[in-house]
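All of the numbers you see were taken from the coordinates with simple rules; none came from a lab. What you see is a predicted model; the values in this text were computed from it and never measured. Don't worry about glycine lacking a Cβ; one is built from the backbone with ideal geometry, like all the others, and counts go over all protein chains shown.
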Amino acid sequence: MFALVAAALARLPWQKAVPVPVPEPAPSTLIPTIVTILVCWVLPLALLISVNKSKRTKPASDFDAVVYGAGPVGAAVALGLQERGHRVCVREKRTENQVVIDAGKSINLSLSTRGRALLTEIGAWDDLESTLIPMVSRRFTDGSVERYREPLLSINRNLLTIKLIQAAEAAGVTFEYGTGYAQGDVDAATGTVRLGPERQCKPRVIVGCDGVHGKLCKLINPREPERSSRASEWGYFELSIPPAGTASMSEEAFNNFHIWPGRGSGQGHFIVGLPNHDGSITLTLFALMDDMARRFEATADGAADQFRQYLAEAYGAGLDGLAVGVEEAIAGGFQRIWLNDHERLAGELGSSGTFVFLFGDAALGMEQFLGLAVNLGFEGAHRGFLEHWARAGPKDETFWRGLVRARNHLNAGAKALQRASSKNAASMRDGCDDPLGKAVRAVLEETHGTADIDQSGFESTHDWWSFCTVPLKVVESVVDAQDELVGKIKEVVKAARAGGDGADAGTLSEPEKEKVLALAKSGVGPLLALRAQLVKEHQATMQACFA
Ligand SMILES: Cc1cc2nc3c(=O)[nH]c(=O)nc-3n(C[C@H](O)[C@H](O)[C@H](O)COP(=O)(O)OP(=O)(O)OC[C@H]3O[C@@H](n4cnc5c(N)ncnc54)[C@H](O)[C@@H]3O)c2cc1C
């Protein structure tokens, strides 16, 4: 495939050979004069111009791809492109070389199947594997667990980013720090990129990975307002449990995605915890902005003590004593979660043959933040970009235009993700589904689930979001249909228990289990058929994008 890509790059339109005019044969008497002029004037002048030019401007074909932003997604995309034969330049606003800081906070990412697929495809998996902590279940305050079909993987995002940058550098990617994108750096008509004073290039692809408030989006969405990111109704505080606080935890207890649903004054709030390689757990406390923003003012006396009291009352489990970073969190304020709703995530600049793609937070915002572990940043880069390289045929303009259409089609997943986030937040907040719903689902999963999530009839909702490899839009429709069926069965069981107190209790009797299976029987076939039909439709749409 690399040979194919290299061959395609050799045929890039801006590298077309310019026809050289063939001069008329010169009369023989003029030859000595012409030679004198050439030797004495033209050659030295041409040499001078060429030396000066090479000092000022690197050749236009210097870079085939310019990536803005050296966060995890930008570094991964750059590495992926370089591995596929492009010469890539990453331009990063930060001035520090390789130091990745997010307001002083250490933040984990949780990777699922799709994140792993991306890292594997760009050859970074082997290097990173030892730094990943498997999270085998969702674990609640009371010690109860819901096992994932396969573990999610927790990784410190700074570590991930640094490793990806190092791998990209080793592969030949050029990183230029302190060179963030500013309006006018890219000529929207010709696709020419300004790299510095009198230094420019004409890449085939420009990738915006410049984060949630990124500006590259304006190139392909010029009608959007100056600030197109919007604040979600959710916000967060970030804390952590230091290694000493988890020392007595068994590995079985530690290696989980931890959830503390809030109660009392924390009703409707929840904390998620991701384990770290050093034995610490990163805690993110989620709450609705309206509910939290003004509670613990940084300037108010005793705000930190009040916050600890809140931790004790709302979450118990000794979190008030275990959690560190309370003062810093309050001083930093309750953080907003930003979302993006760009109309387009890809486009061509004029008819220049230069294509712009947005990935990561620059595309969708921080939606995956709600602990979904869907990891749309990596998923988008994998599904919307690298996955399509496996397609047969040259990587010419038809291919890139197809990729633009495909990426914009997948943008529909953004809305699905927003709904998935809210559902998942509600599920974590409430300690997951009600007991009867859980029990019904467990019976169905046991009978109809299979080892392969992409084939199974019933799964826990969270597994679907995290591990299903079909597009989120399809997942959402299937999960909705599945939830509807579970809901109906639950109502029948409840009614048979004559409603009232205890009708939602967690265990199902043997006759009830049989009833659940009998009620589900007619629903499983249509569910699988719906899934198959949606996947087929999706594949046909993708095919049509590249036709
Ligand atoms: C507390 C917290 C918890 C999270 N938990 C999870 C999780 O569990 N799972 C998950 O998948 N995601 C999680 N996320 C989201 C995750 O952090 C982001 O999805 C991820 O960082 C996206 O990476 P990115 O490369 O797109 O953007 P960023 O990491 O924001 O990187 C953007 C880069 O672009 C640079 N930049 C900005 N402007 C310019 C410019 N004009 N020119 C050039 N460069 C520029 C920035 O300096 C930065 O280096 C969490 C986020 C937070 C804040």
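Where Rh denotes the Kirkwood radius from the mean inverse Cα pair distance, what is Rg over Rh for the range 231-337?
With Rh from the inverse mean 1/r over Cα pairs, Rg/Rh is 0.96.
With the crude spin-label approximation of a point 7 Å out along Cα→Cβ, what separation in nm comes out for Thr450 versus Asp396?
The modelled label-to-label distance comes out at 4.1 nm.
Which value in Å is the Kirkwood Rh of the range 311-439 over different Cα pairs?
For the range 311-439, inverting the mean 1/r across all distinct Cα pairs yields 17.9 Å.
Could you sort 389-395, 222-228 so that the peptide with the highest average Cβ count within 10 Å comes first and the rest follow in order?
Answer by packing, highest mean first, reads 389-395, 222-228.
Under a cut-off of 16 Å between alpha-carbon atoms, report the aspartates and glutamates in cross-link reach of Lys473, not counting same-chain residues fewer than 8 places apart.
Correct list for Lys473: Asp341, Glu367, Glu379, Asp454, Asp463, Asp483, Glu537.
In Å, what is the Rg of the alpha-carbon atoms in the range 404-532, and how long is Dmax?
15.8, 56
Ranked from highest to lowest mean number of other Cβ atoms within 10 Å per residue, what is the order of the peptides 519-528, 252-261, 160-169, 304-313? Intermediate values should be presented prior to the final figure.
On the way: 519-528: 15.1, 252-261: 20.0, 160-169: 21.7, 304-313: 17.0.
Put in order of decreasing packing, that is 160-169, 252-261, 304-313, 519-528.
For the pair Lys488 and Arg147, how long in nm is the line joining their label points, each one 7 Å along Cα→Cβ?
Between Lys488 and Arg147, the label points sit 3.0 nm apart.
From the helices alone, meaning DSSP H stretches of at least four residues, give me the mean residue ellipticity at 222 nm for the chain, per-run term -39500 (n - 2.57), in deg cm²/dmol to the nearest 500.
That comes out to -13000 deg cm²/dmol.
Just the number, please: percent antiparallel of the DSSP beta bridges in the chain, rounded to the nearest 5.
For the chain, the DSSP antiparallel bridge percentage is about 70.
Once you have the alpha carbon radius of gyration of the chain, what is it after dividing by 2.2 N^0.38 Å, with N set to its residue count? Walk me through the numbers on the way to the answer.
Values: Rg = 28.0 Å, N = 547, 2.2 N^0.38 = 24.1 Å.
So the chain has a normalised radius of gyration of 1.16.
On a 0 to 90° scale, report how tilted helix 303-315 is relative to the longest principal axis of the chain, with both axes built from alpha carbons and the result rounded to the nearest 10.
60 degrees
Explain nothing, just the number: dipole magnitude of the chain about its Cα centre with +1 on each Lys and Arg Cβ and -1 on each Asp and Glu Cβ, in debye rounded to the nearest 20.
Its charge dipole is roughly 2020 debye.
What net charge is computed for the residues neighbouring Val374, neighbours being all others with C-beta under 9 Å from the C-beta of Val374, Lys and Arg scored +1, Asp and Glu -1?
Net local charge, Val374 excluded: -1.
Over 26 Å between Cα atoms, which of Lys488/Lys513; Lys163/Lys218; Lys490/Lys521; Lys202/Lys395 qualify?
As for pairs spanning more than 26 Å Cα to Cα, those are Lys163/Lys218.
Just how far, in whole angstrom, is the range 321-389 from the range 428-493 if you go by their alpha carbon centroids?
26 Å
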